[in-house]
Amino acid sequence: MSIRLPAAQLLHAYRVMRTIRVFEERLHIEFATGEIPGFVHLYAGEEASAAGVMAHLRDDDCIASNHRGHGHCIAKGVDVHGMMAEIYGKKTGVCQGKGGSMHIADLSKGMLGANGIVGAGAPLAAGAALAARIKGSDAVAVAFFGDGGSNEGAVFEAMNLASIMKLPCLFVAENNGYAEATASGWSVACGRIAERAAAFGMPGVTVDGFDFFAVHEAAGEAVARARAGLGPSLIEVELTRYYGHFEGDAQTYRDLDELRQIREERDCLKQFRERTLAVGLLDASQLDDIDGEVERLIEDSVVRAKSDPKPPATDLLADVYVSYP
């Protein structure tokens, strides 16, 4: 896969991936203290998928995420301080502490929300794509789901509707090998999730999710196709998660030696650094500077989140229902 991006875009992509990695690895540490309420599902290891897809999106493009949504949020431009505060359940969070890890949303960035219901984001993305069509906009919508979500009827229905109506929609199946503890090789009937695209009359492609450039190229083609009014596409991104399905998952169903080998040999950040430095597009000092800046950003976000106020009791019933005239 050739590298054809300007240095500024390469640096932005690296910053996005590094921010996701440090954010998630810090949450892995902080969650163990017992200060964070609820469940946390980490995206570490999958950074190239979010960064590669979101590099082609604007604020008016919408995404629908899943329970493992922190990386999607960061790549779409959601404020890191607001995210950390939200995960800590604080008033300063992007959803004022009401959403938590699995329900972060920021409509100003086109982030329709993380979602604890497997596969439920696909119909939301189809609806957002239809709304863009009605408004006469060339905005697109993207649905992210995992290999488990790829088996959900709601995903099939959304893909069918999007194809029939030629909606500007992109379906991204992040196949990390396990639907919780169930191996995708056992639970997915076909050899590749991307093969299912043919049943809905849309293009489908499988890409290496450890390779930012492979994801970026496939997503660029799919987004351009959607903006041109040619309908939806399905991209299967093959990758792995570095931590359990949720924090506290012992991962007894996985070969942890294999996971260590993937970290050492296929890690998306290592590959990105090695490839861009090898051809002289970036300097090591530039990437090192980003590493330091991101570390300070995440440290500051944690410190602020811990000291920020919790929502008052009076917020409990606010924004629960909308009164229509």
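Extending 7 Å from the Cα toward the beta-carbon at both Ile117 and Glu25 defines two label points whose distance is 3.6 nm. Tell me, what are the semi-axes, in whole angstrom and largest first, of the equivalent ellipsoid of the stretch 1-147 as set by the roots of 5 times the Cα gyration tensor eigenvalues? Sorted largest first and rounded, they come to 24, 20, 13 Å. Taking the Cβ of Ala32 as the centre, find all other residues whose Cβ is under 15 Å away and add up their charges (Lys, Arg: +1; Asp, Glu: -1). Net local charge, Ala32 excluded: -4.
Heavy-atom accessible surface of the chain, averaged per residue, reaches 44 Å², computed with a 1.4 Å probe.
Can you tell me which of Pro123, Pro168, Pro37 moves the most in a GNM of the chain? Springs connect C-alpha atoms under 10 Å apart. Ranking Pro123, Pro168, Pro37 by mean-square fluctuation puts Pro37 first. Placing +1 on the Cβ of every Lys and Arg and -1 on the Cβ of every Asp and Glu, with no other charges, gives the chain a dipole of roughly 860 debye about its Cα centre. Across all C-alpha atoms in the stretch 56-123, the radius of gyration and Dmax reach 10.9, 32 Å. Quick one: net charge around His216, please, counting Lys, Arg +1 and Asp, Glu -1 for every other residue with C-beta under 14 Å from its C-beta. Neighbour charge sum, excluding His216 itself: -3. Comparing Pro232, Ala179, Ala222 along the charge dipole axis of the stretch 179-325, the residue lying farthest to the positive side is Pro232, per the Cβ-charge model. Here the accessible area is traced with a 1.4 Å probe on the protein chains. For the chain, carbon and sulfur cover 55 percent of it. Within the listed set Leu230, Leu277, Leu124, the Gaussian network model of the chain (springs between alpha-carbon atoms below 10 Å) gives the highest mean-square fluctuation for Leu277.
Where in the stretch 279-296 does the label zone of Glu35 land, with the point 7 angstrom along Cα→C-beta and an amide N cut-off under 17 Å? Residues 296 qualify, since their backbone N sits under 17 Å from the label point. Short-range pairs are left out: with C-alpha atoms under 8 Å and at least six residues apart, the relative contact order of the chain is 22 percent.
The values are calculated or read from the model by the stated rules, or taken from the named source; none is laboratory data. Because the structure is a prediction, the values reported are computed rather than measured. As a convention, Cβ positions derive from the backbone with ideal geometry for all residues, glycine included, and neighbour counts pool all protein chains shown. Areas reflect the complete protein model, heavy atoms only, side chains present, ligands, DNA and RNA absent. Shrake-Rupley method; radii C 1.70, N 1.55, O 1.52, S 1.80 Å.
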